[in-house]
1. Among what's in the range 1-36 and is surrounded by 10 or more Cβ atoms within 10 Å (Cβ to Cβ) and either closer than 30 Å to residue 57 by Cβ or under 9 Å from the mean Cα position of the chain (by Cα) (or both), pick the residue that is modelled with the highest pLDDT.
2. Kindly indicate the residue of the range 42-56 that is surrounded by 11 or more Cβ atoms within 10 Å (Cβ to Cβ) and at pLDDT below 95 and also nearest to the chain's Cα centre (by Cα) among those meeting that condition.
(Lines give C-alpha, C1' and ligand atoms only; values in the text may rest on other atoms or scores of the structure.)
Protein backbone atom coordinates (compact mmCIF):
# COMPACT_ATOMS: atom_id res chain seq x y z
CA UNK A 1 0.00 0.00 0.00
CA UNK A 2 1.32 3.44 -0.91
CA UNK A 3 0.11 6.54 0.93
CA UNK A 4 0.88 9.95 -0.49
CA UNK A 5 -0.28 13.53 0.04
CA UNK A 6 -1.33 14.26 -3.54
CA UNK A 7 -5.09 14.21 -3.04
CA UNK A 8 -7.41 17.09 -2.15
CA UNK A 9 -10.15 14.86 -0.73
CA UNK A 10 -10.89 15.47 2.93
CA UNK A 11 -11.66 12.88 5.60
CA UNK A 12 -13.14 13.57 9.01
CA UNK A 13 -10.76 12.54 11.80
CA UNK A 14 -11.38 12.47 15.54
CA UNK A 15 -8.35 12.65 17.82
CA UNK A 16 -7.95 12.64 21.57
CA UNK A 17 -5.01 14.86 22.48
CA UNK A 18 -3.73 16.57 25.61
CA UNK A 19 -5.89 19.63 26.43
CA UNK A 20 -2.91 21.97 26.77
CA UNK A 21 -1.63 20.87 23.35
CA UNK A 22 -5.09 21.49 21.90
CA UNK A 23 -5.20 25.02 23.38
CA UNK A 24 -1.68 25.72 22.13
CA UNK A 25 -2.58 24.58 18.59
CA UNK A 26 -5.79 26.64 18.54
CA UNK A 27 -3.89 29.72 19.72
CA UNK A 28 -1.21 29.20 17.06
CA UNK A 29 -3.87 28.84 14.38
CA UNK A 30 -5.27 32.21 15.45
CA UNK A 31 -1.81 33.80 15.35
CA UNK A 32 -1.20 32.41 11.84
CA UNK A 33 -4.76 33.31 10.75
CA UNK A 34 -5.46 29.76 9.57
CA UNK A 35 -7.95 27.13 10.63
CA UNK A 36 -6.98 24.44 13.09
CA UNK A 37 -7.36 21.96 10.23
CA UNK A 38 -4.90 23.91 8.08
CA UNK A 39 -2.42 24.14 10.95
CA UNK A 40 -2.56 20.40 11.64
CA UNK A 41 -2.29 19.56 7.92
CA UNK A 42 0.76 21.81 7.59
CA UNK A 43 2.39 20.21 10.63
CA UNK A 44 1.71 16.68 9.35
CA UNK A 45 3.01 17.51 5.87
CA UNK A 46 6.26 18.79 7.41
CA UNK A 47 6.55 15.77 9.72
CA UNK A 48 5.62 12.91 7.40
CA UNK A 49 7.80 11.66 4.53
CA UNK A 50 6.63 12.37 0.98
CA UNK A 51 5.58 8.76 0.58
CA UNK A 52 5.02 5.84 2.91
CA UNK A 53 5.18 2.29 1.62
CA UNK A 54 3.47 -0.31 3.77
CA UNK A 55 4.44 -3.89 2.97
CA UNK A 56 2.23 -6.81 3.88
CA UNK A 57 4.03 -9.58 5.75
CA UNK A 58 4.82 -12.60 3.63
CA UNK A 59 2.78 -15.68 4.45
CA UNK A 60 4.78 -18.83 4.95
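The values are calculated or read from the model by the stated rules, or taken from the named source; none is laboratory data. Because the structure is predicted, anything quoted here is derived from the model rather than measured. Because the Cβ atoms are built from the backbone with ideal geometry, glycine has one as well, and the counts that use them run over all protein chains shown.
1. Looking at the filtered set, the residue picked out is 5.
2. Top of the filtered list is 48.
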